[in-house]
Amino acid sequence: MNRLETLWTKLCARTDYESCSRPRAARFRLDTIQGLVERLESVHLAVPAIHLAGSKGKGSVCHYLAKGLSAIGIRTGLYTSPHLSDWRERIQVDGHPLPDSDLADAIERVLQASAGEETFFDLLTATAMVGFRNAGCEIMILETGLGGRSDSTNVVHPLAAAISAIELEHTDVLGSDLTTIAGEKAGIFKSDALLFAGANLRPEALAVLQSTADALSQSLLIAPSSMPGFQHPQPHMEANFALAVTILRHLPRPFAAAADILPSLPMSALQIPGRLEYRTLPDGRPVLFDVAHSTDSLTSVIQTFRSAYPDAKRGVVLALRDDKDADLLATQLSANLGPRPASETWWTAPAGDHPRSANPDTIALSFAAEALPQPGFPEGPEVLLITGSTYLVGALRPQTQPTDTL
């Protein structure tokens, strides 16, 4: 085991609420990471930050922001979660994971400063900040792990804070209604930050964000639902792109120049792994990967899949977390999509090796699907869609090859 693997094992020994099988609200608080970053010479203040939260879309917005800023020569750190195939994907500088030696140095420094009470996500968040400082980053883009108010990333004092979308999700931790969830996410808003919201938020959620901004004596800037010159098969991705451009446009110099460059980048440069990503199986069959997990996002990707392959024999492989209401999701998808075409077959699968994966046999009943005992590519369909879980996409994506065409 090399140095980085040894340090990663030590970090993983801490409580990991991404995969914890028991209620995750037990230790969501900021005091442990606040003490940690202060012992690390206030590393949370060392690099200007942009902070993103949201029920969906926040990761895509973070990637778009980073691509635009890097394109104008700004050394940009990007911290996202979860990862697809390799945990090092979470901490990137200018589109590439930190070199192993630099990452090991950052983890080692964080573990030395640890008081022993920090969670896995506390330690990893601090590692990203140390890594970005050491790498000479001029700005860092931070995606919340869960919620906002009590998320480990919320120790920063950002240039800008944005909320991409608000839906019912993680209700065991964030609350059972949209207004409560919106309040948790609005916890990332700060009085000295530019504040943004994505397009098409439901009125009751937007009202909470506006009220929070008003209490901070700040304006809330609402992004448009699309941006001229950027076309995407999925409307929510157009909204994510528009939010990224809107944020960039309002940043101080030199960062604001990225708002003009981002829309001019080719679509190939804007591709985000696991988001409407077309790849090919070794047997030549096309496969579409998308980490969609909300009703709206799943509706969109399934519609796109059907439009892309209208005459093909299609297959859908779906995985969910065990905190998803499979019956409700199936009912909502049926209402949005209508009757399932006879040419389309569904399978359910475990969400990779995640301990909070929904049982595929159980959710198969909700979706009139056949259960797979493990993640895989079923025989029969001419084309496949892999969706519903980042962990399912991450488990199967490495078995495929990139493709330039549908």
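The values are calculated or read from the model by the stated rules, or taken from the named source; none is laboratory data. This structure is a prediction, so every number in the text was calculated from the model and none was measured. All Cβ positions, glycine included, derive from the backbone under ideal geometry; neighbour counts span all protein chains shown.
So the values come out like this:
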{"item": "Some residue of the range 320-338 being at pLDDT 95 or above and either in contact with a Pro (Cβ under 9 Å, 6 or more places away or on another chain) or closer than 30 Å to R88 by Cβ (or both)", "result": "yes"}
{"item": "Qualifying position, being over 25 Å from L216 (Cα atoms), touching a residue at least 24 places away in the same chain (Cβ under 8 Å) and either surrounded by 17 or more Cβ atoms within 10 Å (Cβ to Cβ) or of a type in the set (K, R) (or both), among L146, L124", "result": "L124"}
{"item": "Sole residue being modelled with pLDDT of 95 or more and assigned to a loop (DSSP other than H, G, I, E, B), chosen from P355, P310", "result": "P310"}
{"item": "Any pair with Cβ under 6 angstrom, 6 or more apart, that starts in the range 32-61 at a residue that is farther than 14 Å from T144 by Cα and ends at one that is of a type in the set (F, W, Y) and surrounded by 23 or more Cβ atoms within 10 Å (Cβ to Cβ)", "result": "V47/F132"}
{"item": "Meets criteria (within 23 Å of L298 (Cα to Cα) and either touching a Pro at 6+ places or on another chain (Cβ under 9 Å) or β-branched (V, I, T) (or both)) for A182", "result": "no"}
{"item": "Test: residue in the range 319-333 that is polar (S, T, N, Q), more than 21 Å from the chain's Cα centre (by Cα) and not in a helix (DSSP H, G or I)", "result": "no"}
{"item": "Any hit, the range 122-141, residues being closer than 21 Å to Q271 by Cα, assigned to a loop (DSSP other than H, G, I, E, B), modelled with pLDDT of 95 or more and of a type in the set (D, E, K, R)", "result": "no"}
{"item": "Residues being on the phi > 0 side of the Ramachandran plot and crowded, with 21+ Cβ neighbours inside 10 Å - total across the range 50-85", "result": "2"}
{"item": "Test: residue in the range 75-84 that is part of a helix (DSSP H, G or I) and modelled with pLDDT of 95 or more", "result": "no"}
{"item": "Per-region count, the range 262-318, residues under 30 Å from V245 (Cα atoms), out of contact with any Leu (no Cβ under 8 Å at 6 or more places or on another chain) and among the polar types (S, T, N, Q)", "result": "7"}
{"item": "Elements of type helices (runs of 4 or more DSSP H) in the range 199-288, at least 1 residues being within 20 Å of A71 (Cβ to Cβ) and touching a strand residue (DSSP E or B) at 6+ places or on another chain (Cβ under 6 Å)", "result": "235-250"}
{"item": "Pairs with Cβ under 7 Å, 6+ apart, first in the range 1-23 and more than 16 Å from A104 (Cα to Cα), second at pLDDT 90 or above and loosely packed, with under 10 Cβ neighbours inside 10 Å", "result": "none"}
{"item": "Residue satisfying condition, being in contact with a helix residue (DSSP H, G or I) (Cβ under 9 Å, 6 or more places away or on another chain), crowded, with 20+ Cβ neighbours inside 10 Å, closer than 19 Å to S297 by Cβ and aliphatic (A, V, I, L, M), within set A160, A197", "result": "A197"}
{"item": "Considering residues of the range 321-360 that are within 21 Å of R397 (Cα to Cα), among the hydrophobic types (A, V, I, L, M, F, W, C) and touching a helix residue (DSSP H, G or I) at 6+ places or on another chain (Cβ under 6 Å) only, the residue surrounded by the most Cβ atoms within 10 Å (Cβ to Cβ)", "result": "A349"}
{"item": "The range 303-319, residues that are among the aliphatic types (A, V, I, L, M) and either in contact with a helix residue (DSSP H, G or I) (Cβ under 6 Å, 6 or more places away or on another chain) or without any contact (Cβ under 8 Å) to a residue 60 or more places away in the chain (or both)", "result": "A319"}
{"item": "Filtered residue count, the range 54-74, keeping only those that are at pLDDT 95 or above and in a loop (DSSP other than H, G, I, E, B)", "result": "3"}
{"item": "Scan of the range 89-143 for residues that are basic (K, R) and closer than 19 Å to Y64 by Cα, ordered by number", "result": "R90"}
